[in-house]
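Q: First, the structure itself, so that you have it in front of you.
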Amino acid sequence: MTPAPRAGIRLKMKAIFASEGEIIHVGEGLMACSLTKEEWTHAAHFAAALWLMRYRTYLEPAAAMPGLIRAFNEAVGGVNNDTTGYHETITQASLRAARGVFDSFPADVPVYRIVNALMSTNFVNPNWLLEYWSRERLMSVEARRVWLEPDLKVLPF
């Protein structure tokens with residue numbers, strides 16, 4: 001029986017990932033730039049972040065993810081510039097959210113279950129950030145380049 005998560009996050013939801021192997025595929029695929037562009041979904045971003053937190057504890061996700069995402073974007077023909085590709089504020093806010101969810105679970109809960117739980121929250125909606133940042137601030141070139149604090153309300157994590 002899987003232990004209940006600590007912060008009241010549900011484990012019962014529509015599963016996005018069915019196994020730990022799928023999480024490992026995403027994490028290792030991001031590091032190797034071997035995922036397909038189609039595999040790099042919103043859920044895959046969170047899966048890769050949580051994979052780093054569990055399986056690559058020697059890496060700090062806030063420092064590692066920017067380079068990994070930029071390299072992946074370029075590997076699949078994307079561009080990282082002032083209007084497209086990597087976005088620092090979105091990435092760092094999402095990592096904070098992922099860490100908050102990750103830390104709310106006991107250490108023996110498989111990552112795929114944590115990702116599925118995370119994806120049953122408001123974080124499934126890519127626009128969740130607009131509760132904390134105005135669209136103008138979040139979509140600015142500055143927010144794409146560097147971390148900008150929220151201008152509407154403080155993040156809960």
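Q: Only Cα pairs under 8 Å and at least 6 apart count here; give the relative contact order of the stretch 20-128 as a rounded whole percent.
A: Relative contact order, the stretch 20-128: 32 percent.
Q: OK, next. May I ask you to evaluate 6.51 cos²θ - 1.76 cosθ + 1.60, the Karplus curve with θ = phi - 60°, for each residue of the stretch 114-123 and list the ³J(HN,Hα) values in order in whole Hz, giving x for glycine and proline?
A: Residue by residue, the stretch 114-123 yields 5, 4, 4, 5, 4, 6, 9, 9, 5, 5 Hz.
Q: Follow-up question, since we're still on this one. Any idea which of 124, 63, 141 is furthest toward the positive side of the dipole for the chain, if Lys and Arg beta-carbons carry +1 and Asp and Glu beta-carbons -1?
A: Towards the positive end, the residue furthest out is 124.
Q: Continuing with this model, one more query. Quick check for me: using +1 on Lys/Arg Cβ and -1 on Asp/Glu Cβ, what's the dipole size of the stretch 22-149 about its Cα centre, in debye to the nearest 20?
A: 60 debye
Q: List, in order, the whole-Hz ³J(HN,Hα) value for each residue of the stretch 30-47 obtained from phi through the Karplus relation with A = 6.51, B = -1.76, C = 1.60 and θ = phi - 60°; use x for Gly and Pro.
A: 5, 4, 8, 6, 10, 5, 7, 4, 5, 6, 8, 8, 4, 5, 5, 4, 5, 4
Q: Continuing with this model, one more query. Give me log10 I(q)/I(0) at q = 0.14 Å⁻¹ for the chain, Debye formula, one equal scatterer per alpha-carbon, no solvent.
A: Per q value, in the given order, log10 I(q)/I(0) is -0.69.
Each reported figure results from applying straightforward, stated rules to the coordinates on display, with no laboratory input. This structure is a prediction, so every number in the text was calculated from the model and none was measured. For neighbour counting, all protein chains shown are included, and Cβ atoms are generated from backbone atoms with ideal geometry for every residue, glycine included.
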